[in-house]
Each structure stands twice: as structure tokens, then as C-alpha cells.
1. For label points placed 7 Å from Cα toward Cβ, what is the shortest-first list of nm distances from A:D77 to its copies?
2. Would you work out the relative contact order for chain B, in percent, from Cα pairs under 8 angstrom that are 6 or more residues apart?
3. Taking a ≥ b ≥ c as the square roots of the Cα gyration tensor eigenvalues, with a/c under 1.5 meaning rounded and otherwise prolate when a/b beats b/c, else oblate, which class fits the protein assembly as shown?
4. I need to check one value: relative contact order of segment C:1-52, counting alpha carbon pairs closer than 8 Å and at least 6 residues apart, in percent.
5. From the phi angles alone, apply the Karplus equation (6.51, -1.76, 1.60; θ = phi - 60°) to segment A:55-60 and give each ³J(HN,Hα) in whole Hz, x where the residue is Gly or Pro.
6. Per the helix-only calculation at 222 nm, which mean residue ellipticity applies to chain D, given -39500 (n - 2.57) for every DSSP H run of n ≥ 4 and division by its residues, nearest 500 deg cm²/dmol?
7. Mind listing the phi-derived Karplus ³J(HN,Hα) values for segment B:186-198, rounded to whole Hz, using 6.51, -1.76 and 1.60 with θ = phi - 60°, and x for any glycine or proline?
8. How would segment A:64-223 be classified by its alpha-carbon gyration tensor: rounded, prolate or oblate, with rounded meaning a/c under 1.5 and the a/b versus b/c comparison settling the rest?
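No value in this document is a laboratory result; all are computed from the given coordinates. The shown structure was predicted, so the numbers you read here are calculated from the model rather than taken from an experiment. Cβ sites come from the backbone with ideal geometry, for glycine too, and all protein chains shown count toward neighbours.
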Number of protein chains: 4
Amino acid sequence: MKPVCLVIGAGAGIGGHVGKRFAREGYHSVLCRRSDEQGLDRLVKEIEANDGSASGHLLDATQPNTIEDCVAAVEKDVGQIEVAVFNLGAQIGNRILENTSYKAFELGWRLATFGLFRLASSVGPLMVERGNGTILVTSATAAVRGNAGQHSHAAAMGGRRMLCQTLNAELAPKGVHVAHILIDGAVDAPDTLGKMLGAERFQKLREERGLEQDGLLLPEKVAETYLHVAQQHRSAWTHELDLRAFSDLPWWNH
Amino acid sequence: MKPVCLVIGAGAGIGGHVGKRFAREGYHSVLCRRSDEQGLDRLVKEIEANDGSASGHLLDATQPNTIEDCVAAVEKDVGQIEVAVFNLGAQIGNRILENTSYKAFELGWRLATFGLFRLASSVGPLMVERGNGTILVTSATAAVRGNAGQHSHAAAMGGRRMLCQTLNAELAPKGVHVAHILIDGAVDAPDTLGKMLGAERFQKLREERGLEQDGLLLPEKVAETYLHVAQQHRSAWTHELDLRAFSDLPWWNH
Amino acid sequence: MKPVCLVIGAGAGIGGHVGKRFAREGYHSVLCRRSDEQGLDRLVKEIEANDGSASGHLLDATQPNTIEDCVAAVEKDVGQIEVAVFNLGAQIGNRILENTSYKAFELGWRLATFGLFRLASSVGPLMVERGNGTILVTSATAAVRGNAGQHSHAAAMGGRRMLCQTLNAELAPKGVHVAHILIDGAVDAPDTLGKMLGAERFQKLREERGLEQDGLLLPEKVAETYLHVAQQHRSAWTHELDLRAFSDLPWWNH
Amino acid sequence: MKPVCLVIGAGAGIGGHVGKRFAREGYHSVLCRRSDEQGLDRLVKEIEANDGSASGHLLDATQPNTIEDCVAAVEKDVGQIEVAVFNLGAQIGNRILENTSYKAFELGWRLATFGLFRLASSVGPLMVERGNGTILVTSATAAVRGNAGQHSHAAAMGGRRMLCQTLNAELAPKGVHVAHILIDGAVDAPDTLGKMLGAERFQKLREERGLEQDGLLLPEKVAETYLHVAQQHRSAWTHELDLRAFSDLPWWNH
């Protein structure tokens, strides 16, 4: 039975490519996303066509028990989750205070912070019992600085980052590797950035940043680092690292 | 009519002393806390006995509309809120993952992160309209590092810190000063630290740290810095500062 | 005999105004700068004309024994140094790697990092012996992030910040307050920013940022916070804080 | 002709193992260290015995022109430096202020900060001209927090970290990858930690931390991450990451 890589938030960007990369490495990838069953099927078939193993689940992380049930079902029916990837974003664009509803503020937290807590509460104890496992958390610049209009997103991501530290403090000595991966730039992903910008502006950005197609973060290259972190020997674990395109400014530089 | 200093979370520690200090400076202090009406009355009377002006409100920040209604009532009946102090904590002691219920995790966020968002959403636009105002946010070490067992607290405080940055980014250019005040140590406060430790351990800690009674953060001294920050000229505002007793280790030193 | 406030780097900006502010508070200010004896005399006379007490020293911080001899002479002839302000900058403008000579790189360190170490080595033990004292260190954005072209400045300031932490870790428990004050913006100072930009561009910037004359950091307002930090009770000391004009972007926001 | 991996500071710890790992990957490793020619020869022979390619240089980084001449000689005689690893430490143990001589303080900077600047000044422009290259910088906890007694070390490492950021800001857009690798823990290295502690205490620490021999950072495992960072695609580069043993506390946790 193959070890399982569970991806919460597996679209056409980082999540999907991480699923593909781990499948290529011999994992069974369980790909979870909220909607677009067709896209999900396509992803699974693409993995299988490359002699990989995968399955897909539609999962609404705002609903009770969805993450918990998924973890339980995978452990029961598919195999032990060795790697859990939390890849849910909560970017809703810039909104001034008066346009940020309580509902939007809470939703950010529910997806980006509480969702990770639920995943960790479900899968963490299983990994502790086995004495190993990896939880890879995709994070965003908003986890380390709050820009104007980012009230919901930054509060949620700031909470996520501190939660990664408390999880690491508790789980690392028990053999479970928790990593906070700061994606500090725009990802070349049609169904997140692409949707936010619209098809035309997205294509324009790609062309502007183009530079031989690597001016945006390419998700298949990002996935290589996810794999490396999951494979680090426990005598030399990374808890926090950043990733950005060479041509992009780090968040701390003007 | 006196300018108002509204304190959300005004017990016998920092909140109460900030209320007293601002009253002494000529503000009318509106002191809000969840319970202990008697203690609240005592605080108001102590301020009045020193020729200050104050009033008290019982307010449960976990309930809808409480913060919002309080802000509206104060502005209508008492005066313009020039300084709003958000001083709600959410420390529940160290609990391992399996002992941290979803409810406890959410409550931390609801008090420590969402409560601030509600206050800022209520009072921020009023301050913007007037072109000035100050929002002082008490924060904790857990806002900058997550220790073992602090899942709920650190996630909530990490969110609070990033929220302070987004509020500052939006409000500062409009004349509203937002400050994140990191209380990096134990406060000599009977009804927070005292309750958490119990009377006996609290007294013991005070004696150990004693050193002429200043080995813990003395809330009346902390209040001096709150006042200073509120009085800073807008050409030289502080957004973030830390406070600890001289004899204590900063969070970054072992 | 008045307590002494020693200012290393007392020009027409922050250093000079800190000297004036402390003199007004009852300190004797010893003002040290590298050159412009006339300007120094003017500053001393201005303080004396306001019933304050001050004296001036020309001091080249790149030369051996200058800081050390000054501390010794002041302690012997003027009075006990209660507050030492280290206000030497090392900004040389942006230079690409190939245009940053080894000499320029070393000079940055010699002024901005080693200069502080020399001051702390000279005055720290005296303060420790007396069980109190304050060392206020002016710092710059380059202490927390390195921008393009800032090789010399950022390396020097990054070193300065870490040195402030090691000094604090050692001296604070012995009663000596060390504070790292991050000046995160342009200061309205004719002889540093003014010289760097040239008279015309400086005046233009002042007008652009003008907004009732507070769009740049006004050094006399900055000085109020230096005084406050020096007056904090030792149960509630600040080690690190930032200062910027309300209308300016913090370094972490784009 | 093989691409060259130049290691400044190649002892029996991280530097030597990085040299071995890159040699195994097809690089010619140029190993530089201050002394112990015998040890250096042994290292080169070990690499050659494994079908790798390497050469050794004795190099005193405190002396003028040593790093510069080495870079020039390697480029002329051995091959293009694709990866430059700066692995010089400057830890001298904890010393209080009065026991930290000016000489010791300067030496820390000269090795840990200026040494990197010299390497970057020598090799950076060559890499920029070729449009690619990698500079991997070993860093230490003291780069992000200053503990008591670490005056020289922390000031030097804080400068090093900021220098890495300025180098990255300038070189990354030109295709040169700069990474700051924070080694946040004790490395199982006989000739640095081993010498500092003495043979007996070193062995005792190894046994205490043992836990199947991975309670200290194992340098051969650390080397895997150096290799990964050097191999990252330029659309997804890491600038900063931390490494520690699973059983160790991160620097921010008490």
C-alpha cells in the first residue's frame, strides 16, 4: 500500500502540482477541492496516465466535519497519510474597512486558520502515534505583513503562521514535521490568480512577467521544494522558508 | 465636553490603569468589562475621587452588537472617542492539541482577533471622519511566536498583530494612529495573572520577581507608555513597541 | 550637579533636538559631532538661552579613543552620564556592489556598529556600577531589511540592531536600559537628508510631504519619544519601537 | 569541464559535507579552510575515492586578497564557479562586555560580515555576467536575535543577514540566487562544536541528544538542503530558510 499525500486545496496551481509531484514519487495523492469535479477528474486521470496513483474528493472546508471525515475515510480506505498539504487560500482582494463585512472577515479565518487547525487536529495525533509524518502549509506574504485592504486575509494568515509555530513546537519533538512555506509572489495558476484578475489581465501579467516563462512562480517548480521539505531527514528540518520568482521583489524590499 | 478614552477590557490590570491614567489627563474614561460590576463601580469611584471622570459598562465581547452598541452609545451620550484601547486577552493556559477544542480555538479568535476588528469597524470610520483618533491595542508575546500549547492564543494573537498592520496601513494616512503594544512578560495584575495562577502561586511569583516590587510589569507604569503613544505628534508615530520588566528576558533570548 | 545626557552625533536633526529636549528637562547635554564647530556653538547657545545647560565637543568617531576619551572626560569634568544617545548614521546612498569599495563597506561598520560597541564598552560598565542608566540608539530601516544598493549601510545597521539586543540582554538585568529606536522614514533635517538630496530636492520633498509640515519626521517630535523611553519605569521598559510620519508607508507595506 | 562549487570554510562539518555532496552531483568542489592541510587532503582524497573531483586551498580569510585571489585562480585554472558557499563562522563563545575586546569584536565582523562581502564582490560580477550562479550563506541564530555574551558574534551575523538581503535585492533579478541558511542548532561537527566544547563534553552532548544519532544537526543531511536550494528553478527561489533537528527547540520557543 502506497503512502498517502493528502492535499486540501488541490486546484490547477500549487495544490494540484504538489499532488502530481508526490504521485510521481510513489505516493497515492488524495486531491481535495471545493468544486469543479470535472477538473478534479482530469487531474486524477493525468496522474494515472503517468503511472501514478490518485483519487479526488470534493470537500467544502467551511462545512463542519468535512476535513475530519476526509482524513478518517482516507486512513480507513486508502492508506496512511504521510504527508498532509494544507493549501487553502483566503485572498479576497483589497477591501477597505467599511467594505469588509464581518462575514468576510470570519470566512477568512474559517478557511485559512481554523481549517488548518481542523486538519492538524485530525491528522496530527495519527502521525504522532506513528512517530512520523509531515504537514506542509502553503502560506502567503500576508502572514508576515498586513497591507491596506487585507484585513480579512492578513488576520487569517497571521493566525495561520503562529499556529504553524505552535503545531511545530508540539509535534516536531514527536517526529512530525510542520513547515510554513511562504509563497511570496504571484503564482502562474489559472484558477486562482487567473480568476481573480480575469482571463485578459492574467494573460497580460504572464506576458509582462514572462521572461522566458518564469517571471511568475511556476507551480510545478514550487512542488519540487514541497517534496524536498517532506524528504528532509529529521536531523535537519526546515520550519519556515520563502519562495518567489528571481525577478520579483521580496516583500521586504520596496 | 471631555474627550473620551474607551477601554475594552478594563479590569484591575493594564486596562483599568490605562483608564485611570487617561482620566487623570483630562479624558472621560469609559471602562468596559465582562463581569464584576462591583469592581467596575469601585474603579469608577476611585477615578472620581481623584477628580477624574469615568463611567462603566458591562460588555460581553463574545456577543453580537455589544461592542458596536457601546461605541454608538458613548458617541451619542458621552462624547467623541478620541482614544480606543483594545485590551481583551485570550490566554487560556497551555493545552496540547487534543485538549484544545474547536470551541476554545474559535473563542480565542472571537475575543482576540474578531473583537478588535469589530471595535475598529465601529470606531475607525468615526475617527477617519474627524481626521484623528488613536487605537491602542494591547498584544502579547504569542503575537510574534507560537509556543507549545498555545494553539488558540497564538493563532488569535498572530491574527491580531497582522490586523493591526492592515488597520494602520489604511487608517494612518487618514490621521488615525494605530499602535500594537507587545506586553512581553507577566503583569502584576490580580484578576488575570492572579486568577490563572491562583492566589498562592501569584503571591509567590510576585515575591520571587519582587526586586523592590518591579520584577513584574506594573500596570500603572505600563499606562504611562499608553498615554505617551496617544500623545505622539503625527509626524512621529510609533506603530509597534514592546514592554517588559528590566529583570525579565525578552522573548527572543533564552 | 546635573545628570548628563551625552549625544554622539548631534547635528541639526534628531541628535541636536534630543540634546535640546533633555536640557529642557534638566539634564546637561553634551553634544558631540564630527565637524561644524560653529553650528555646535550655536546649538549650545540656543540651549543656554533657554536656561538649559550644554556643552559641545568635536569628535571623530572613526578615530581611536575619541569616544572613550570623551566619556571619561565628561564623567570626570561634567557629571555622571545618565543617558547616552548613539545617533551616528552611515547612510551613503545607494551604490551597486561594484561601486561599493571595501573602504566604504568598512566605514559603515566602523561608524554604525563598532562606534556603538565602543560607546557601550565605555559607558556601560559605569552605568552597571551605578545600577542605572539609559542607552538610546537611533536606528534605521536598513537594520531590519536590506534594499538594493545598501550593502554597507544595511550590513552596519543589521549589526547594530543585533548588538542592541546583546547589550540589552546583558545590561538590562543590571538596571541599564538599552533601546533600539527605528527611524523608519525621512527626517526633516537639513544637514543629513538635506545634504544628501541637495537644497533644492530637499525643499521639494518637504513641500510634497508637507501636509501642514508633518509629512516628514520632525526631529523635535521624535525627541519627545526619546525622552519618554529614558523616563520609563524599569518595570515597563521598551527595547524596540518604530517611528514614522502618519502619512508615510511603514517599511513592510508596499 | 565541470562546474565548480567553491566552499569558503570547508572543515569536517557543514562545509566539508557540502563539498562532498556537490562533488557527488558532478561539481568540482574547491575546498578552502584556514589550517589543517592534512585534514583538507583527506577530504579531497575521500571525494576522489568516490569518483568525485575536488581540490583544496589553505586560505586565511582575515588576510587581504586571499578570497579574491582564490576566486580569480579558480576561475582561471579550474572552471566557472557556479555555486559559492560562504561557511565561515565567528562564534567565540559567550563573553561579557568587559571581556569582549575591540579586537575580538572586529574579528567577528571581519570574518563573518566582511568576508562575505569580499566573496560576493569577487564572484558576484562574474555570475551576473554569466546570468546565473548561486551564493549559499551559512548563517546562525545570532543573525536573528542577540543573546547575552554574543556581542561580537551577533553583531557580525546580524550584518551578514542584512548583507544577504542587499545582495539578493541586487543580484536576483540578474539571475544570481542568494540564500541565507539559518542553522538554528548545534551541528554534529568535531572541529567546530567539538573544539569549542572539548572532546568529552562534545561526546556527552552527542549522547544526550542522540536519539538514534539525529538529535544534533547532521552535516551530511544539511548538505542535501544546500544542494536543493542550488537546484531550485529560478521561478521559485528560496532566499531564507531555517534548519534544526526535530528534537531541538526553535530559537523563538522557550
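1. 5.8, 6.7, 8.8
2. Relative CO of chain B lands at 19 percent.
3. Oblate, since a/c reaches 1.5 and b/c is not below a/b.
4. On the way: 69 pairs, mean separation 20.0, N = 52.
Dividing the mean separation by the residue count of segment C:1-52 yields 38 percent.
5. Using θ = phi - 60°, the values come out as 8, x, 9, 7, 8, 9 Hz.
6. The helix contribution divided over chain D gives -13500 deg cm²/dmol.
7. 7, 9, 6, 10, x, 9, 10, 4, x, 5, 5, 7, x
8. Details: a/c = 2.01, a/b = 1.49, b/c = 1.35.
Here segment A:64-223 falls in the prolate category.
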